[in-house]
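Enquirer: Just dropping this structure here.
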Amino acid sequence: MTTTRKLSPRTLTAQALGRIAQPYHDIAPPIHVSTTFERAGDGSYPGGRLYARDVSPAFDQAEALLTELEGGHQSLLFASGMAAATAVIMTLAPGQRVVACRSMYWALRNWLVNFCAQWQIGLDFYDGADIDDLVRQLRAAPTDLLWIETPANPSWEVTDIAAAASAAHALGATVVVDSTVATPLHTRPLELGADIVMHSATKYLNGHSDVIAGALVCREDSPRWQQIRRNRNMGGAILGTFESWLLLRGMRTLHLRVAQSSASAQAIAEALVGHPGVVEVLYPGLPSHVNHAVAARQMQGGFGGMLSIRTIGGEARARAVTAALSVFKRATSLGAVESLAEHRASVEGPGSACPVDLIRLSIGIEASEDLLTDLLAALESGSGSG
Ligand SMILES: *Cc1c(COP(=O)(O)O)cnc(C)c1O
């Protein structure tokens with residue numbers, strides 16, 4: 001596969017369905033449904049597989065494509081992003097310690113807090129906007145795992161992966177990056193020194209709001225990676241056959257979708273800066289963003305399709321603006337072809353650190369003029385009474 005490395009990610013994704021030769025030289029792959037594989041009389045497995053909870057041709061191709069896109073050694077698909085993330089965390093033993101990004105995907109943060117408390121695993125958070133704080137937290141006590149999310153929910157802080165990885169590796173810690181929002185097209189964490197990349201493939205990789213899936217990609221094999229493999233096999237959180245097929249199909253247009261979402265997000269963010277109804281626009285592509293300099297170095301071809309706005313008038317106004325949207329769909333999740341908006345603090349619920357005046361926007365591939373007009377109208381509506 002050495003020749004494929006020279007191909008652009010755009011070519012790799014566009015031709016994803018046809019890259020692994022099938023017996024009939026299909027352009028689109030078949031859906032592999034077999035759960036078990038025949039054994040020869042001598043006890044060997046001529047197909048190289050034993051049972052589909054371990055490895056299955058159903059997910060071979062999507063895994064191979066993701067490995068190429070991330071420039072990694074190997075990928076594992078999971079039944080969800082959470083299944084992928086928890087498979088990594090479950091490699092930790094009592095007495096070990098994790099340092100994680102303070103603002104991160106809320107469900108994972110909650111689970112992490114409870115899991116670490118239950119198993120006496122140390123857990124400390126760093127300020128996602130501040131690399132010095134990250135290094136300080138790493139050095140405060142022996143660290144086994146550094147969990148980075150970049151850009152991080154819901155304010156899109158960008159952690160300097162190269163700087164974080166060199167500090168973590170000097171202390172012997174494994175570096176994991178939740179790169180769901182960046183996608184392999186904007187950031188390649190393994191090339192910057194990360195050990196494992198995690199994706200909620202539910203989001204941009206699949207991109208059509210119709211598959212829940214997760215993925216991990218490693219830079220190189222390691223005892224921890226082998227343990228993660230066993231966690232998937234024994235925990236059984238594998239991706240279904242049809243979902244694997246849909247994911248591969250979705251990835252075929254990844255480059256087009258991501259390019260459009262990022263370009264529109266940049267245009268919308270710029271257009272909303274200075275709007276009288278908006279206190280702050282949070283987007284790494286804006287020079288005003290706290291981590292714009294790092295983002296400009298670390299992200300290629302755009303800053304992603306996620307942005308947040310903080311409205312004047314506090315929570316009531318943020319909810320009213322969200323309610324007044326009509327092109328944006330009010331729903332959680334992100335990274336699909338249709339644009340979504342949510343009043344984030346109320347989705348996260350009690351204990352959330354998310355500002356109550358924040359609306360999180362996932363920019364899809366619709367005409368950006370329609371999205372901007374919708375936002376401007378919603379910001380206008382009731383502004384006299386807000
Ligand atoms: C959605 C999401 C997850 C969780 O993934 P699921 O596929 O919903 O289990 C983790 N991290 C980020 C950044 C996400 O957006």
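The values are calculated or read from the model by the stated rules, or taken from the named source; none is laboratory data. Computed from a predicted model, the values in this text were never measured in an experiment. Here the Cβ is made from the backbone with ideal geometry for all residues, glycine too, and neighbour counts use every protein chain on show. All accessible areas refer to the heavy atoms of the entire protein, side chains included, with ligands and DNA or RNA removed. Shrake-Rupley method; radii C 1.70, N 1.55, O 1.52, S 1.80 Å.
Enquirer: Which ranges mark the helices (runs of 4 or more DSSP H) fully within region 80-161 that have 2 or more residues being away from the ligand (no atom under 16 Å from the Cβ) and open to solvent by less than 30 Å² (accessible area, probe 1.4 Å)?
Expert: Working: elements: 81-89, 106-118, 131-139.
Where helices (runs of 4 or more DSSP H) fall fully within region 80-161 and carry at least 2 residues being away from the ligand (no atom under 16 Å from the Cβ) and open to solvent by less than 30 Å² (accessible area, probe 1.4 Å), they are 131-139.
Enquirer: Pick from ASP127, ASP133: which is out of contact with any strand residue (DSSP E or B) (no Cβ under 6 Å at 6 or more places or on another chain), farther than 27 Å from GLY240 by Cα and of a type outside the set (Lys, Arg)? I'd like the intermediate steps shown before the answer.
Expert: Values: ASP133 fails: out of contact with any strand residue (DSSP E or B) (no Cβ under 6 Å at 6 or more places or on another chain).
Going through ASP127, ASP133 in turn, the sole match is ASP127.
Enquirer: Right, another one. Please work out which one of (1) surrounded by fewer than 21 Cβ atoms within 10 Å (Cβ to Cβ); (2) of a type outside the set (Asp, Glu); (3) under 19 Å from the mean Cα position of the chain (by Cα); (4) not assigned by TED's automatic domain parsing to the domain that holds THR86 is the condition ALA237 fails and give its number.
Expert: So the condition that ALA237 fails would be (4).
Enquirer: Looking at (1) of a type in the set (D, E, K, R); (2) assigned to a helix (DSSP H, G or I); (3) away from the ligand (no atom under 16 Å from the Cβ), which is the only condition GLU220 fails?
Expert: Every condition holds for GLU220 apart from (2).
Enquirer: Anything in region 176-217 that is without any contact (Cβ under 8 Å) to a residue 40 or more places away in the chain, away from the ligand (no atom under 16 Å from the Cβ) and among the aliphatic types (A, V, I, L, M)? List them, or say none.
Expert: Of everything in region 176-217, nothing turns out to be without any contact (Cβ under 8 Å) to a residue 40 or more places away in the chain, away from the ligand (no atom under 16 Å from the Cβ) and among the aliphatic types (A, V, I, L, M).
For every residue, the table says whether it meets (1) of a type in the set (Val, Ile, Thr); (2) over 17 Å from the mean Cα position of the chain (by Cα); (3) not assigned by TED's automatic domain parsing to the domain that holds PRO350.
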site	(1), (2), (3)
ALA84	no, no, yes
LEU92	no, yes, yes
GLY95	no, yes, yes
ALA100	no, no, yes
MET104	no, no, yes
ARG109	no, no, yes
VAL113	yes, yes, yes
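Enquirer: Hey, another quick one. Which of the following residues is aromatic (Phe, Trp, Tyr) and open to solvent by 10 Å² or more (accessible area, probe 1.4 Å): TRP225, TRP245? Break it down stepwise before answering.
Expert: Details: TRP225 fails: open to solvent by 10 Å² or more (accessible area, probe 1.4 Å).
The unique qualifying residue is TRP245.
Enquirer: Out of (1) closer than 20 Å to LEU334 by Cα; (2) touching a residue at least 60 places away in the same chain (Cβ under 8 Å), the odd one out for GLY236 is which?
Expert: Failed condition: (1).
Enquirer: Also, quick follow-up: Name, by its number, the condition in (1) at negative phi; (2) modelled with pLDDT of 95 or more that does not hold for SER333.
Expert: The number of the failed condition is (1).
Enquirer: Can you tell me which residue in region 319-336 is most open to solvent (accessible area, probe 1.4 Å), limited to those that are away from the ligand (no atom under 16 Å from the Cβ) and either more than 17 Å from ALA378 (Cβ to Cβ) or assigned to a helix (DSSP H, G or I) (or both)?
Expert: Among residues in region 319-336 that are away from the ligand (no atom under 16 Å from the Cβ) and either more than 17 Å from ALA378 (Cβ to Cβ) or assigned to a helix (DSSP H, G or I) (or both), the one most open to solvent (accessible area, probe 1.4 Å) is ARG319.
Enquirer: Moving on. Given the criteria assigned by TED's automatic domain parsing to the domain that holds GLU63 and open to solvent by less than 10 Å² (accessible area, probe 1.4 Å), does ALA164 qualify?
Expert: Details: assigned by TED's automatic domain parsing to the domain that holds GLU63: yes; open to solvent by less than 10 Å² (accessible area, probe 1.4 Å): yes.
Against the criterion (assigned by TED's automatic domain parsing to the domain that holds GLU63 and open to solvent by less than 10 Å² (accessible area, probe 1.4 Å)), ALA164 qualifies.
Enquirer: Going by the structure shown, is SER166 at pLDDT 95 or above and outside any loop (DSSP other than H, G, I, E, B)? Steps first, answer last, please.
Expert: Numbers: at pLDDT 95 or above: yes; outside any loop (DSSP other than H, G, I, E, B): yes.
Here the answer is yes, as SER166 does meet what is asked.
Enquirer: Related question: VAL113 versus (1) touching a His at 6+ places or on another chain (Cβ under 9 Å); (2) within 23 Å of GLU342 (Cβ to Cβ); (3) of a type in the set (Val, Ile, Thr): which is the lone unmet condition?
Expert: Going through the list (1) touching a His at 6+ places or on another chain (Cβ under 9 Å); (2) within 23 Å of GLU342 (Cβ to Cβ); (3) of a type in the set (Val, Ile, Thr), VAL113 breaks only (1).
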